[in-house]
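Report on one structure; see the data block that follows.
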Amino acid sequence: MTTTSATPSSAIDFKSLVAPELAAIDAVITQHLASDVALVSQIGHYIVNAGGKRIRPILVTLMARALGFEGPQRHQLAAVVEFIHTATLLHDDVVDESALRRGRDTANALFGNAASVLVGDFLYSRAFQMMVSVNRMRVLEVLANATNVIAEGEVLQLMNMHDPDLTVADYYRVIQYKTAQLFEASARLGAILADAPPEVEASCAQFGIALGTAFQLVDDLLDYDGNTAELGKNVGDDLREGKPTLPLIIAMQRANDAERQTLRSMIERGASAAELDAQLDTALQIVRRTGALEATREAALEQARQAQECLQCIQHSQYREALLQLTIQSVHRIS
């Protein structure tokens with residue numbers, strides 16, 4: 001069985017294939033966002049319907065179908081994963097003091113920090129109510145572990161803020177905990193629903209890890225090489241927060257002494273809104289001169305290739321092809 005390279009392909013109509021799955025997932029999400037507390041429903045609908053890519057819930061359903069599972073539980077667990085992801089976004093934006101996400105004001109900017117945190121808690125608890133209804137202990141185990149590890153990742157990232165000496169290994173550890181963990185759980189859930197053999201489940205989990213890592217690498221790259229209109233968030237937020245991501249870490253390694261000191265100062269201090277434009281321009285000049293953007297791009301492509309290799313154990317089908325397309329889409333934003 002051959003492996004597709006991480007380049008665009010039109011072998012299947014991805015959108016048409018995924019559309020019915022997304023419609024079913026969104027119906028479950030809408031049903032379970034209902035609450036007698038008006039503000040809970042208001043904020044929940046605002047953030048869940050904000051135009052996200054739904055890549056994690058899509059991963060649950062595509063993996064399940066690629067392995068032959070057709071039951072409605074795939075939509076239930078896909079919605080659970082989206083609720084967990086949405087809860088992390090609500091909490092992230094409060095911690096990061098973010099004002100823009102997916103091209104709209106963040107929930108905390110509109111409704112306040114307290115309401116955002118509490119509605120995030122509601123989404124977590126609703127997710128656990130829903131996963132219990134699937135009545136499979138292995139599902140509970142995977143999602144409970146994922147939620148715990150994601151929380152640890154948030155704390156790790158907080159500890160790493162304003163640290164100019166952060167290593168590449170430390171950076172990847174945060175990605176593993178904070179982002180790749182939920183991708184891993186999503187892919188693994190599809191395999192669990194299909195009662196896949198342990199070795200297939202393990203390969204699916206590795207697929208999720210590699211896909212999630214590629215996805216986060218691209219996000220971190222675009223913070224220095226994208227634009228606000230396309231990203232739906234403010235470019236330069238990582239620098240403003242003093243968050244050392246791979247482009248900055250590589251640039252620090254390759255820069256001359258003067259440039260390294262400039263980047264070190266930026267990471268240690270962060271930037272106010274007034275300072276950000278000038279600092280971002282300076283950082284971009286250094287990052288580009290050192291080839292850090294290209295190195296980050298190649299790291300993302302390599303993760304996508306690894307993800308594709310993990311699908312070797314799955315028989316060819318339109319759903320397996322869609323999973324390959326998902327790896328391409330995760331990195332094609334940078335080409």
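The values are calculated or read from the model by the stated rules, or taken from the named source; none is laboratory data. The structure displayed is predicted, hence computed values, not measured ones. Heads up, the Cβs are rebuilt from the backbone with ideal geometry, glycines too, and the neighbour counts pull from every protein chain shown.
Before moving on, here are some points about what is shown:
- Listed by first and then second residue, the pairs with beta-carbon distance under 6 Å, at least 6 apart or on different chains, first residue in region 250-261 and touching a residue at least 24 places away in the same chain (Cβ under 8 Å), second among the small types (Gly, Ala, Ser), are ILE250/ALA292; ILE250/ALA295; ALA251/ALA292.
- Number of positions in region 28-41 that are in contact (Cβ under 8 Å) with a residue 24 or more places away in the chain, out of contact with any His (no Cβ under 6 Å at 6 or more places or on another chain) and in a helix (DSSP H, G or I): 4
- Exactly one residue out of ALA109, ALA115 is surrounded by fewer than 20 Cβ atoms within 10 Å (Cβ to Cβ), touching a residue at least 40 places away in the same chain (Cβ under 8 Å), not in a strand (DSSP E or B) and not hydroxyl-bearing (Ser, Thr, Tyr), and it is ALA115.
- Yes/no for GLY120 being farther than 21 Å from SER41 by Cβ and either in contact with a Leu (Cβ under 8 Å, 6 or more places away or on another chain) or at pLDDT 95 or above (or both): no
- Restricting LEU166, LEU193 to those that are of a type outside the set (Ser, Thr, Tyr) and closer than 27 Å to MET63 by Cβ reduces the list to LEU193.
Here is a yes/no grid of residues against (1) of a type outside the set (A, V, I, L, M, F, W, C); (2) farther than 12 Å from LEU89 by Cα:
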{"residue": "ARG104", "(1), (2)": "yes, yes"}
{"residue": "ALA107", "(1), (2)": "no, no"}
{"residue": "GLY112", "(1), (2)": "yes, yes"}
{"residue": "VAL132", "(1), (2)": "no, yes"}
{"residue": "VAL142", "(1), (2)": "no, yes"}
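- Under the condition of being of a type in the set (D, E, K, R), crowded, with 18+ Cβ neighbours inside 10 Å and either in contact with a Ser or Thr (Cβ under 6 Å, 6 or more places away or on another chain) or not in a helix (DSSP H, G or I) (or both), the residues counted in region 66-106 number 3.
- In region 289-300, the residues that are among the acidic types (Asp, Glu) never reach a residue that is assigned to a helix (DSSP H, G or I) with C-beta atoms less than 7 angstrom apart, at least six apart or across chains.
- Of the numbered criteria (1) assigned to a helix (DSSP H, G or I); (2) more than 25 Å from LEU293 (Cα to Cα); (3) not small (Gly, Ala, Ser), the one ASP195 fails is (1).
- The number of residues in region 247-257 being over 11 Å from THR167 (Cβ atoms) and part of a helix (DSSP H, G or I) comes to 6.
- Yes/no for VAL155 being part of a helix (DSSP H, G or I), touching a Ser or Thr at 6+ places or on another chain (Cβ under 7 Å) and either farther than 26 Å from GLU21 by Cα or of a type in the set (A, V, I, L, M) (or both): no
- Matching residues in region 114-134 - criterion: being small (Gly, Ala, Ser) and more than 21 Å from the chain's Cα centre (by Cα): ALA114, ALA115, SER133
- Region 280-335 - residue that is over 30 Å from PRO164 (Cα atoms), aliphatic (A, V, I, L, M) and not in a loop (DSSP other than H, G, I, E, B) and, of those, nearest to the chain's Cα centre (by Cα): LEU326
- Flag for ILE55 being under 19 Å from the mean Cα position of the chain (by Cα) and closer than 19 Å to PHE122 by Cβ: no
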